[in-house]
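Before we start, here is the structure in question, set down as structure tokens.
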Amino acid sequence: MSTKDTVLALFEKNKGFFISGERIAEELNISRTAVWKAVKKLQSEGYEIKAVTNRGYCLDKESDVLTIRGIRSSLNEYAKDLRPEVFVRVDSTNTKCIEKAQNGEKEGYVAVAGSQSAGRGRRGKAFFSPAESGIYMSILLRPEGLTENQVLHFTTMAAAAVSEAIESVSEKHAEIKWVNDIYIDGKKVCGILSEASYGIETGKLEYVIVGIGINAYTPAEGFPSAIADIAGSVFDEPSIGLKNKLAAEVLNRFMEYYSHLPETPYSDEYIKRSMVTGKDVMVFKGGETVRAHVLGIDEEFGLKVRYEDGSVEVLRSGEISIRL
């Protein structure tokens, strides 16, 4: 265990109480300089550690920070080989993964961030990614032998995994708004953006990036007015370790599903959680808005709708957007 991790373990054991630098140095058998450097590194990673003269250091008891150690400690056999890297802030975790992929990074790299300055959603929309309240992560995958249609299923696979993970950690029921949004009690708590790259000359799939953004908590300043009516959070109030636990559980369930490709054991889970089946929706397609009734989701995760003129169509991921 590194000096930083050893110091962090001592802070977590004494969360909410001040510990002098001298005591830390003696207990861990390290120098005061090493203690100071470890504290500075932890603070740079987002840990709320107070430093007060003649009192020492104190880890905020309400602190819930994403960490490599915290995530890895909860990974199961399917996800144990993943390589998470945690950032306090990035422009976009998807962009970070794409850069890694283009530089030859192997499958299993996971970019995790506490905030994003340029988070991206579907169709070029910005994804609100404030500090302290969210989990933003992207997984780099290099699957082989999949058809182009099967690649489109990564978003639905992630949606099923996130929904299950949320319920496991929070005990709240999660629903899916086709194709990539997760809702709790009518409020959006998660968005998913999958991106793939194909070789120009070979036409073969080079990599897939699965980006997941989760509102773990409601931001201290609230959600922006543009999304205040639809945005929600998974947890009601902060608690130490919840974000790490949820992030790990998402990775566990996603990687278990991924291990079964090209089979789709997550299909029933995805379909039963649909919050639009049997509902009337507005379909935005080709610059037009059309009212439709959702009949269901087919085996390829297409949305089957019936328009007011009686015609029936199966909508595919990436072609349309819907609104209840």
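So in segment 278-320, with the set limited to residues that are among the β-branched types (Val, Ile, Thr) and closer than 12 Å to Val179 by Cα, which one is surrounded by the fewest Cβ atoms within 10 Å (Cβ to Cβ)?
Only one residue tops the list, namely Ile320.
Sort out for me the strands (runs of 3 or more DSSP E) sitting completely within segment 169-268 that have 3 or more residues that are touching a Ser or Thr at 6+ places or on another chain (Cβ under 8 Å), β-branched (Val, Ile, Thr) and buried (at least 20 other Cβ atoms within 10 Å of the Cβ).
Once the strands (runs of 3 or more DSSP E) in segment 169-268 are filtered for at least 3 residues that are touching a Ser or Thr at 6+ places or on another chain (Cβ under 8 Å), β-branched (Val, Ile, Thr) and buried (at least 20 other Cβ atoms within 10 Å of the Cβ), what remains is 205-215.
A quick yes/no check of all residues on (1) touching a Gly at 6+ places or on another chain (Cβ under 7 Å); (2) free of Cβ contacts under 8 Å to residues at least 12 places away in the same chain; (3) surrounded by 17 or more Cβ atoms within 10 Å (Cβ to Cβ):
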site	(1), (2), (3)
Ala118	no, no, no
Lys125	no, yes, no
Glu132	yes, no, yes
Ile135	no, no, yes
Gly145	no, no, no
Gln150	no, no, no
Phe154	no, no, yes
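What pairs come up if the first residue lies in segment 54-82 and is within 27 Å of His260 (Cβ to Cβ), the second is part of a loop (DSSP other than H, G, I, E, B) and modelled with pLDDT of 90 or more, and their beta carbons are under 6 Å apart, counting only those six or more places apart or on different chains?
From residues that are within 27 Å of His260 (Cβ to Cβ), the pairs are Tyr78/Ser259; Asp81/Gly108; Leu82/Gly108.
To continue, here is another question. Between Ile135, Ile212, which is closer than 16 Å to Thr93 by Cβ and in contact with a Phe, Trp or Tyr (Cβ under 9 Å, 6 or more places away or on another chain)? Break it down into steps so the answer makes sense when it comes.
Details: Ile135 fails: in contact with a Phe, Trp or Tyr (Cβ under 9 Å, 6 or more places away or on another chain).
Ile212 is the lone residue from the list that is closer than 16 Å to Thr93 by Cβ and in contact with a Phe, Trp or Tyr (Cβ under 9 Å, 6 or more places away or on another chain).
Turning to a different aspect of this structure: Tell me yes or no: at least one residue of segment 281-302 is farther than 25 Å from Gly145 by Cβ, in a loop (DSSP other than H, G, I, E, B) and aliphatic (A, V, I, L, M).
So far as segment 281-302 goes, no, none of its residues is farther than 25 Å from Gly145 by Cβ, in a loop (DSSP other than H, G, I, E, B) and aliphatic (A, V, I, L, M).
Identify, by number, the condition in (1) assigned to a loop (DSSP other than H, G, I, E, B); (2) closer than 28 Å to Ser138 by Cα that Pro84 doesn't meet.
Failed condition: (1).
The values are calculated or read from the model by the stated rules, or taken from the named source; none is laboratory data. Since the model is a prediction, treat every value here as computed from it, not as a measurement. Neighbour counts are summed over all protein chains in view; Cβ atoms, including those assigned to glycine, are modelled from backbone coordinates with ideal geometry.
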